[in-house]
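Pasting in a structure now, in structure tokens, and then I'll have a few things to ask.
The values are calculated or read from the model by the stated rules, or taken from the named source; none is laboratory data. Computed from a predicted model, the values in this text were never measured in an experiment. With ideal geometry, Cβ positions are generated from the backbone for all residues, glycine too; neighbour counts draw on all protein chains shown. Accessible surface is based on the protein model in full, side chains and every heavy atom, while ligands, DNA and RNA are left aside. Shrake-Rupley method; radii C 1.70, N 1.55, O 1.52, S 1.80 Å.
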Amino acid sequence: MTKILIVDDHPMFREALRSAVKFSRRDAEILEAGSIEAARTAIQDEPGIEIVLLDLSLPGTTGFEGLMLLRSSFPRIPIMIVSGLDDPKIIQEAIRLGAAGFVPKSVDKETLAEGLSEVLNGSIFVPAESAPNALDPRASSRTSDIADRVADLTPAQMRVLQLIRHGQLNKQIAYELGVSETTVKAHVSEILRKLNVVSRTQAVIKTSQLDFEAILGEDPTPDNA
């Protein structure tokens, strides 16, 4: 029996995705979560989850934060993105950041079934018609350096970075995470070192390159702040 976690904040889409999964895997055990924090809790409480189907646009996350948080916390569980965002640049960047697959929400049940099988078998899956260059090893991204640096953060550092990106101060972060302010300061120092920046502001600017708008080139962020 395959244990699958669906992470999406819309109950109607979770139900539709559950139905689509059952189309090919009738005996699958399907769990649901409406947020990244709920997903983290589900994975911790339910051993044996084999794959996560993740929507990128979730409350409380920006850009690829949700994907990066789950990847840093549970690196051995494959994550297949199932999203309404199907721009080739976004698909390529999601794969670069560790997604094991990317399926637009508009695909049919057969394509979703194919993606599930491929990812569960250890392959990376993207429908050919969605992003023909997404799996091209020669394809480059202007966010590659910062993506590699972010990938080196620990789960705790990723959570602190997420809250920094949301404008929270050390005292607020400490309260949110239930740790001391000294611990938060230590995490911030390591984050700045790993990202090769000298301030929180620079960390926010650098990691904003991982947001959808920046990747699509719609809202270029200055790099000299």
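Quickly run through the stretch 178-207 and pick out the residues that are surrounded by fewer than 18 Cβ atoms within 10 Å (Cβ to Cβ) and among the polar types (S, T, N, Q).
Correct list: Ser180, Thr182, Thr183, Ser189, Asn196, Ser199, Thr201, Gln202.
While we're here: I need the full set of residues from the stretch 82-96 which are open to solvent by 20 Å² or more (accessible area, probe 1.4 Å) and either over 12 Å from the mean Cα position of the chain (by Cα) or in contact (Cβ under 8 Å) with a residue 60 or more places away in the chain (or both), in order please.
Across the stretch 82-96, the qualifying residues are Gly84, Leu85, Asp86, Asp87, Pro88, Lys89, Gln92.
Specify which of the listed residues (Val204, Val198) is touching a Gly at 6+ places or on another chain (Cβ under 9 Å) and modelled with pLDDT of 90 or more.
Val204
State yes or no: is Leu58 among the aliphatic types (A, V, I, L, M), at pLDDT 90 or above and crowded, with 19+ Cβ neighbours inside 10 Å?
Against the criterion (among the aliphatic types (A, V, I, L, M), at pLDDT 90 or above and crowded, with 19+ Cβ neighbours inside 10 Å), Leu58 qualifies.
Just wondering, is there one or more residues in the stretch 132-143 that are closer than 22 Å to Ile215 by Cβ, out of contact with any Asp or Glu (no Cβ under 7 Å at 6 or more places or on another chain), open to solvent by 80 Å² or more (accessible area, probe 1.4 Å) and modelled with pLDDT of 90 or more?
Scanning the stretch 132-143 turns up no residue that is closer than 22 Å to Ile215 by Cβ, out of contact with any Asp or Glu (no Cβ under 7 Å at 6 or more places or on another chain), open to solvent by 80 Å² or more (accessible area, probe 1.4 Å) and modelled with pLDDT of 90 or more.
Which residue pairs have Cβ atoms closer than 6 Å, lie 6 or more positions apart in sequence or on different chains, and pair a first residue in the stretch 196-216 that is farther than 14 Å from Phe64 by Cα and touching a residue at least 12 places away in the same chain (Cβ under 8 Å) with a second residue that is open to solvent by 20 Å² or more (accessible area, probe 1.4 Å) and basic (Lys, Arg)?
The qualifying pairs do not exist here.
From the list Arg14, Arg18, which residue is open to solvent by less than 50 Å² (accessible area, probe 1.4 Å), at pLDDT below 95 and charged (D, E, K, R)?
Arg14
Give me the pairs: first residue in the stretch 37-52 and open to solvent by less than 40 Å² (accessible area, probe 1.4 Å), second residue among the basic types (Lys, Arg), beta-carbon distance under 7 Å, and six or more apart or on different chains, which are they?
What qualifies is Ile49/Lys3.
All but one of (1) more than 20 Å from His10 (Cβ to Cβ); (2) touching a helix residue (DSSP H, G or I) at 6+ places or on another chain (Cβ under 7 Å) hold for Gln44; which doesn't?
For Gln44, the failing item is (2).
Determine if the stretch 145-162 includes at least one residue that is acidic (Asp, Glu) and modelled with pLDDT of 90 or more.
No, the stretch 145-162 has no match at all.
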